[in-house]
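What follows is one structure encoded as structure tokens, with my remarks underneath.
Nothing in this text is a laboratory measurement; each read-out follows from the coordinates by a stated rule. Please read these numbers as outputs of a predicted model, since none were measured by experiment. When we count neighbours, we look across all protein chains shown, and the Cβ atoms used for this are built from the backbone with ideal geometry, even at glycine.
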Amino acid sequence: MTNPVLRVAAVSVKPGVGKSTSCLFLSQHWADQGWDPILADADKGASALGWMQDAGGLDYPVIGQSITTLHRSLPDLEPGRRAVVVDVPQLEDHAAIARSALTYADVWLFPLAPGGMEVRRTFRQLRVALDDARDLREQLGRPRDPLVELVLLTRTNKPYATKTGPDADFRKELTEKGFRVMNTVIPFNDDLYRQSYGFPIDTSRTNYPAAANEILDAWEKARA
């Protein structure tokens, strides 16, 4: 029996929230676990693709897929893989590509950095884009909703979910608006992330293994 493929699309409203970094580090963890992932870089900025090239290759392939027909092309990349991760371009500039990626994926992942402006932009732009993707999924005979929708808080003040402070306030506001916020957070640490650009990826000192396992657990429970 063929194993189901974990299909993750990481989407953000604006740049600078660690979306591409999250795709790379999550993919690395799943590669370390023997899942043979493939990362589709659908962002015209090609950050993930550039990282792979500058690193002289990673432990999994990164391919350029900045197209509006991802929901048709990505299934052809699945044979031999147990995970496909899509680095989706920011919604405010590339809505058609994002809609196609969301139509393909069973897990919608939203990396967000705490901040009041981020909340307002999220509610104004993200909701519209998600509704458009749901409409396309329905037109194509797919379930209108994905199996899982998760917010991954990035660039946080602490390496854990806090009960008070700006990170906690941001989590509370998102939860009240109907978003499912992950327990795992990715703290601000440029030494581990931005400044490691172009080098082989080591997840051991990061929270990404925990984030990857939380995503996987949510996906498996939704499939049960």
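Sort 24-35, 58-69 by the packing proxy (mean of other Cβ within 10 Å over each peptide's residues), most packed first.
Working: 24-35: 21.2, 58-69: 17.2.
So the peptides 24-35, 58-69, ranked by packing, come out 24-35, 58-69.
Which FRET efficiency value, to the nearest 0.05, do you get for ASN213 and VAL128 by plugging their Cβ-Cβ distance into 1/(1 + (r/R0)^6) with R0 = 35 Å?
E between ASN213 and VAL128, to the nearest 0.05, is 0.65.
Counting Lys and Arg as +1 and Asp and Glu as -1, each charge on the Cβ, what is the dipole of the chain about the Cα centre in debye, to the nearest 20?
Here the chain has a charge dipole of around 580 debye.
For region 6-223, what number of Lys pairs, 8 or more residues apart or on separate chains, have alpha-carbon atoms under 20 Å from each other?
Taking the Cα cut-off of 20 Å, the pair count is 7.
If you put +1 on each Lys and Arg Cβ and -1 on each Asp and Glu Cβ, how big is the dipole of region 14-65 around its Cα centre, in Debye rounded to 20?
With only Lys, Arg, Asp and Glu charged at Cβ, the dipole is about 300 debye.
Compute a Gaussian network model of the chain, connecting alpha carbons closer than 10 Å, and tell me which residue from VAL84, VAL11, VAL128 fluctuates the most.
Judging by the Gaussian network model, the answer is VAL128.
Could you point to the residue in SER100, TYR60, SER20 farthest towards the positive end of the chain's charge dipole, with +1 and -1 charges on the Cβ of Lys/Arg and Asp/Glu respectively?
SER100
If we count every other residue with Cβ under 13 angstrom of ASP36's Cβ, Lys/Arg +1 and Asp/Glu -1, where does the sum land?
Net local charge, ASP36 excluded: -1.
Applying the Karplus parametrisation 6.51 cos²θ - 1.76 cosθ + 1.60 with θ = phi - 60° to the phi angles of region 24-34, what ³J(HN,Hα) value in whole Hz is obtained for each residue in order, glycine and proline being reported as x?
My calculation for region 24-34 gives 5, 6, 5, 4, 4, 4, 5, 5, 4, 8, x Hz in order.
Net charge around PRO187, counting only other residues with Cβ within less than 10 Å of its Cβ (Lys, Arg = +1; Asp, Glu = -1)? Display every interim value, and only then the final one.
On the way: positive: ARG155, LYS158; negative: ASP167.
Computed value for this residue: +1.
Rounded to whole Hz and in sequence order, give me ³J(HN,Hα) for region 106-112 from the Karplus expression 6.51 cos²θ - 1.76 cosθ + 1.60, θ = phi - 60°, writing x for Gly and Pro.
Karplus-based 3J(HN,Hα) across region 106-112 equals 9, 10, 9, 10, 10, x, 9 Hz.
All other residues with a Cβ under 14 Å from the Cβ of PRO200 taken together, and with Lys, Arg as +1 and Asp, Glu as -1, what is their net charge?
Working: positive: ARG205; negative: ASP32, ASP54, ASP59, ASP202.
Result for the local shell: -3.
Top mean-square fluctuation among PRO209, PRO146, PRO75, Gaussian network model of the chain, C-alpha springs under 10 Å?
PRO75
Non-local amide H neighbours of ARG155 (under 5 Å, H modeled in plane, Pro and chain starts lacking H): which ones?
HN-HN under 5 Å from ARG155: ILE186, PHE188.
Work out from phi, with θ = phi - 60° and the Karplus expression 6.51 cos²θ - 1.76 cosθ + 1.60, the ³J(HN,Hα) of each residue of region 209-215, listed in order in whole Hz, and give x for Gly and Pro.
x, 5, 5, 4, 5, 5, 4
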